[in-house]
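Enquirer: Structure below; questions to follow.
The values are calculated or read from the model by the stated rules, or taken from the named source; none is laboratory data. Here the structure is a predicted model, which is why all the values come from computation and not from measurement. Here the Cβ positions follow ideal geometry from the backbone for every residue, glycine too, while neighbour counts run over all protein chains shown. Ligands, DNA and RNA are excluded from the accessible area calculation, which covers all protein heavy atoms including side chains. Shrake-Rupley method; radii C 1.70, N 1.55, O 1.52, S 1.80 Å.
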Amino acid sequence: MRRQSVTFLKYISMIQRNTGRYFDLCLGADQIGSGQQFFLLRIAENEGITMYDLAQLGQFDKGTVTKAVQKLSQLGYVRMTVDQSDKRVRHLYTTDKAQAVIERVYDLRDAWNMQITDTLTPEEREQVLFLLERMAKRSCETIGHISRTKKGGI
C-alpha cells in the first residue's frame, strides 16, 4: 500500500509553527510569546478560572499550565488567589497591568487571522473554521477514548 507523502497535518503544523513565531516576534516587548498569550486571553475571558479548568479548556497538561501561569504572574499580568474551601485550588485573575497587553494580543490575533485568510472568500473562511472545529472535537474524543482504554488496562 502506498502512503500519502503529504497530509493536512503538514499544513496544520506549518500554520501552528508560523503562528507561534508571529506571536513571539510581535509580543517580545511585552515579555510574552506564543506560549503565554493563549493562557492570558483565557484567564481574561474567564476571570477566577482554576488552573485545572484552564488546562481542560486548552487540552494542556498541568505542567504546561503551571509554567505559563508562573511566567504571567512573575510579569505582573496574572494574580492567583487560594480557594477558601479547598486550599489546593488556585483561582486566576488578570491585573490592571495586563489590560493593554490583552488588547494587543486580540488585535494581533485578528490581524494574523486576516493575513493568513485574505485570499479566501468569506464562505471559505467559514467552511475552514467549521471543518477544523469538527476535526479538533474528533481528535479530543479519540484521545479521550484511547486514554480511557489505556487506563482500563486494555
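Enquirer: Can you tell me which residue within the range 13-35, out of those that are closer than 12 Å to residue 108 by Cβ and of a type in the set (Ser, Thr, Tyr), is modelled with the lowest pLDDT?
Expert: Across the range 13-35, the extreme among qualifying residues is 34.
Enquirer: Which of the residues that make up the range 80-99 are under 15 Å from residue 36 (Cβ atoms) and either among the charged types (D, E, K, R) or in a helix (DSSP H, G or I) (or both)?
Expert: Across the range 80-99, the qualifying residues are 97, 98.
Enquirer: Name the single residue, out of those in the range 36-63 being part of a helix (DSSP H, G or I), touching a helix residue (DSSP H, G or I) at 6+ places or on another chain (Cβ under 8 Å) and exposed (fewer than 15 other Cβ atoms within 10 Å of the Cβ), that is modelled with the lowest pLDDT.
Expert: Applying the filter and picking the extreme gives 58.
Enquirer: Go through the range 20-29 and give me each residue that's open to solvent by 30 Å² or more (accessible area, probe 1.4 Å) and either at positive phi or touching a residue at least 60 places away in the same chain (Cβ under 8 Å) (or both).
Expert: 22, 26
Enquirer: Would you check if residue 105 is in contact with a strand residue (DSSP E or B) (Cβ under 7 Å, 6 or more places away or on another chain) and either under 17 Å from residue 33 (Cβ atoms) or open to solvent by less than 30 Å² (accessible area, probe 1.4 Å) (or both)?
Expert: Against the criterion (in contact with a strand residue (DSSP E or B) (Cβ under 7 Å, 6 or more places away or on another chain) and either under 17 Å from residue 33 (Cβ atoms) or open to solvent by less than 30 Å² (accessible area, probe 1.4 Å) (or both)), residue 105 does not qualify.
Enquirer: Of everything in the range 1-19, what is in contact (Cβ under 8 Å) with a residue 40 or more places away in the chain and either assigned to a loop (DSSP other than H, G, I, E, B) or basic (Lys, Arg) (or both)? Give them in sequence order.
Expert: Passing the criteria: none in range.
Enquirer: Taking residue 123 and the conditions (1) of a type in the set (Asp, Glu); (2) farther than 30 Å from residue 10 by Cβ; (3) without any contact (Cβ under 8 Å) to a residue 24 or more places away in the chain, which numbered condition does it fall short on, given that it satisfies the others?
Expert: So residue 123 meets the others, but not (2).
Enquirer: Also, quick follow-up: Could you please give the count of residues in the range 77-102 that are exposed (fewer than 13 other Cβ atoms within 10 Å of the Cβ) and small (Gly, Ala, Ser)?
Expert: Total meeting the criteria: 2.
Enquirer: Something else now. State all residues of the range 108-147 that are surrounded by 11 or more Cβ atoms within 10 Å (Cβ to Cβ) and polar (S, T, N, Q); if no residue qualifies, say none.
Expert: 113, 117, 127, 139
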